Amino acid sequence: MQSQKIEEHFIAEKPFYLPQKNELAVALAAYGNGLPLLLKGPTGSGKTRFMQFLAWTIKRPLITVSCHDDLSTSDLVGRYLIRGGETFWLDGPMTLAVRHGAICYLDEVVEARKDTTVVIHPLADDRRQLAIEKRGELLTAPKEFMLAVSYNPGYQSVLKDMKQSTRQRFVALELNYPPPELESEIIRHEAGVKEPLAHSLVRIAAMTRGLKDSGLQEGASTRLLVHAGLLIREGIAPREACHGTITEALTDDRELVGAIDEMISSVI
Amino acid sequence: MARVTTALSLQQIIPDNQLNEWEHEELIEQLAAYDAQLERAVLEQIAVIWPVSHALCFAFLGQLHNGLHCLEPKELAAWVKGILHVYEADGLRAARLYMSDVENNFLCRLRGESGLAFAGAQGRLVPYIRGLSGRSLQLEPSASVATDTSTIFLPRDVSFYRDHTGNFQVYKLLATYQWGFISQDLYCQNQLRSASIHIPGDGQQGTEGDRDDILARFFNTFANQQLAQDIYHLLQTLRVSVFLQQEYPGLMRDLKPFFALLLKKRPDIHQLIGVSYLLEKIRQWLLGQLSGDKVSELGVHPHLRTIVDAAWSGQAGNGDIFMVTRSFYDAYCRDDTAYEQLPPLLFQGEFRPREAHRARLVRRESNRQKFIEALAAILPPQATAEKAAESENEPQPLAANVVENGANITPAGHDTMNKAEPDQQPAEEPRFICLDDEHLVLPEELRELAREIEEDLGSLPSFYISSAS
């Protein structure tokens with residue numbers, strides 16, 4: 001049996017994270033009681049950063065899996081590999097996390113194949129068990145282990161919804177876009193820009209977030225604003241930087257592209 | 001001899017008995033001043049317009065002198081065709097506006113500078129203004145720029161520039177200014193902000209009646225209401241301009257050349273007297289400030305400077321504009337017989353308090369229905385059943401934030417508002433409903449709706465809640 005080095009998954013430096021509400025207290029309470037965590041929120045709203053901050057706070061390794069529609073149970077649990085005429089078992093990220101009492105974070109969990117619920121369900125209730133069928137092994141998670149999943153309700157469809165039997169096992173936390181002052185502070189810190197520019201970027205984001213009825217699936221995330229700030233700090237003209245990082249990232253519709261560019265040029 | 005010939009020609013088009021004697025004389029005098037070719041061309045156009053509308057014909061003759069500064073006689077027919085087209089589409093007022101700017105409304109297009117039609121700008125402009133405002137504002141083409149607070153009315157086309165980019169920027173400016181008026185509560189529809197406004201000279205201050213009509217009450221205190229409205233609207237335009245410079249500096253910077261262009265098109269101030277002169281001076285001063293040229297000075301009126309400074313300070317609220325409107329009127333409008341109403345600034349548009357009030361009532365009813373339906377969808381079944389039974393026998397109070405049976409709306413955070421400056425404070429959203437000591441968290445959409453209702457009515461009427469059961 002081979003295993004990845006768990007040490008690689010520890011968060012060495014304190015991640016920059018500004019709490020929006022009491023999410024850290026709730027997450028710590030969930031962790032203390034062995035309850036799994038469900039993070040809901042739009043893209044770029046800080047879900048992954050929050051998990052990093054939580055992992056750093058409780059000094060546990062964080063194993064992140066970006067789920068996709070080809071992700072199967074084997075990818076999570078592990079598989080046998082043949083190398084040099086020998087067969088050996090390689091732990092998947094979920095097994096690795098359970099063995100070492102780490103946080104296993106399944107990002108965009110609704111994207112994963114349905115058969116993954118087979119391993120998620122027993123780990124997410126009071127059994128806290130992971131069955132490795134191919135090895136005939138049943139692992140019971142130590143108290144340090146935590147399962148966390150995230151999804152974006154804005155992208156939900158009939159085909160990619162989270163089943164009630166799954167979601168009702170989790171403590172849910174909604175992480176929305178931060179309030180303007182907080183978001184401005186995040187941009188200043190992450191992009192190294194001054195307050196007036198950060199404030200303008202936040203205002204632009206707020207405008208795009210009000211465009212759902214006009215055909216925009218989602219508004220500009222905090223992440224996009226940080227990208228814009230980084231380009232501007234590097235000397236790219238502000239309107240050009242915003243066009244590249246915000247407008248074109250949000251939509252291909254030419255009318256909406258034009259409208260968002262006009263908002264940017266009004267504010268900056 | 002020439003006058004006789006002219007009179008005979010005119011009589012064939014307009015029988016003498018259809019004109020007042022002085023109208024007949026003035027018309028003959030005007031026509032006789034033209035050379036024979038021009039007189040013939042003008043008479044031909046009178047023959048076309050007179051059967052359509054006598055008022056339009058007089059308006060045409062009134063504007064003809066200005067028109068002929070830039071028109072050749074052979075172009076008259078095409079100009080009149082354009083006038084009639086606008087008249088049929090939007091009426092006499094629009095036709096007057098069309099005639100007042102021959103260069104932009106007629107000659108630009110004649111030179112192939114077609115401008116940008118509303119339909120061409122709409123696709124980008126609608127999401128732009130909705131993003132800017134965070135509201136589902138409607139845009140509609142109209143003869144003049146205005147807003148009723150639900151819809152922004154914009155010109156059917158804009159042809160200040162040869163390229164669409166420049167003309168789109170003008171559309172953008174017009175829409176943004178009208179949003180500025182809505183945002184800064186030009187029509188005093190925000191009850192939370194307006195409730196404590198002192199109306200100078202109003203004996204009804206503090207009474208419950210006419211709560212919605214604070215603006216009507218204000219204008220009722222003036223002998224010349226039209227003049228008071230013009231002063232108020234212009235001073236509000238100063239205030240909104242400061243707001244736009246703070247909030248949308250990029251837009252205001254990009255449009256500086258356009259403000260300079262508008263300044264050049266304003267009437268010669270030296271031809272004006274009295275209050276018309278002063279109001280036009282403020283308009284031109286504003287355009288000077290916005291264009292960055294600052295060539296237009298306010299002059300040596302210290303009191304006028306004080307009034308303008310108050311509106312231009314960036315701190316002014318509606319209450320301050322009420323005060324300075326009153327102050328301006330009292331200082332300069334004692335003898336307003338010479339008042340000549342000039343066209344407002346293009347981006348300022350028309351002041352339409354009645355339309356705004358109608359739109360407000362429509363929105364109020366729509367919000368009421370939406371709130372009741374949305375609240376009914378989230379109320380616990382038991383609570384709604386109990387409340388239904390109780391509310392059948394209860395009178396419905398007009399407005400309160402406490403429901404009779406112990407259920408109450410709790411607009412959390414209201415106590416933190418700065419009561420000293422209600423004019424400047426945005427309303428906070430009610431975040432939850434307290435039903436029999438149980439907190440029911442309001443969804444975001446309902447919170448927003450509750451905030452809008454509170455802004456409109458001052459508080460959330462309790463029967464909105466009892467009706468949801």
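The values are calculated or read from the model by the stated rules, or taken from the named source; none is laboratory data. All figures in this text were calculated on a predicted structure; none of them were measured in a lab. Positions of Cβ are backbone-derived with ideal geometry, glycine not excepted, and every protein chain shown enters the neighbour counts. With ligands, DNA and RNA removed, areas are computed over all heavy atoms of the protein, side chains included. Shrake-Rupley method; radii C 1.70, N 1.55, O 1.52, S 1.80 Å.
Quick rundown of the values:
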read-out	value
Candidates B:Ser313, B:Ser276 - the one that is surrounded by 17 or more Cβ atoms within 10 Å (Cβ to Cβ), hydroxyl-bearing (Ser, Thr, Tyr) and more than 14 Å from every other protein chain (Cβ to nearest Cβ)	B:Ser276
Scope the range A:109-140; condition open to solvent by 40 Å² or more (accessible area, probe 1.4 Å) and touching a Phe, Trp or Tyr at 6+ places or on another chain (Cβ under 9 Å); matching residues	A:Glu111, A:Lys134, A:Arg135
Meets criteria (within 14 Å of another protein chain (Cβ to nearest Cβ), open to solvent by 40 Å² or more (accessible area, probe 1.4 Å) and in contact with a His (Cβ under 8 Å, 6 or more places away or on another chain)) for A:Asp213	no
In the range B:140-155, residue farthest from B:Ala356 (Cα to Cα) [restricted to those that are in contact with an Asp or Glu (Cβ under 8 Å, 6 or more places away or on another chain), open to solvent by 20 Å² or more (accessible area, probe 1.4 Å) and assigned to a loop (DSSP other than H, G, I, E, B)]	B:Ala143
Tally, over the range B:316-338, of residues that are assigned to a loop (DSSP other than H, G, I, E, B), open to solvent by 20 Å² or more (accessible area, probe 1.4 Å) and aliphatic (A, V, I, L, M)	1
Residue within the range B:265-278 that is over 26 Å from B:Gly166 (Cα atoms), part of a helix (DSSP H, G or I) and charged (D, E, K, R) present	no
Candidates B:Leu262, B:Leu238, B:Leu255 - the one that is hydrophobic (A, V, I, L, M, F, W, C) and within 14 Å of chain A (Cβ to nearest Cβ)	B:Leu255
Residue within the range A:185-193 that is more than 29 Å from B:Ile129 (Cβ to Cβ), acidic (Asp, Glu) and open to solvent by less than 60 Å² (accessible area, probe 1.4 Å) present	yes
Near pairs, Cβ below 8 angstrom, 6+ apart or cross-chain, from the range B:185-207 (more than 21 Å from B:Ser327 (Cα to Cα)) to any residue that is at pLDDT below 75 and assigned to a loop (DSSP other than H, G, I, E, B)	B:Asn190/B:Ala427; B:Leu192/B:Gln425; B:Leu192/B:Ala427; B:Arg193/B:Gln425
Of residues in the range A:221-268 being within 14 Å of chain B (Cβ to nearest Cβ), outside any loop (DSSP other than H, G, I, E, B) and among the charged types (D, E, K, R), the one surrounded by the fewest Cβ atoms within 10 Å (Cβ to Cβ)	A:Arg254
Filtered residues of the range B:263-307 (kept if under 21 Å from the mean Cα position of the chain (by Cα) and without any contact (Cβ under 8 Å) to a residue 40 or more places away in the chain)	B:Leu263, B:Arg266, B:Lys281, B:Gln284, B:Trp285
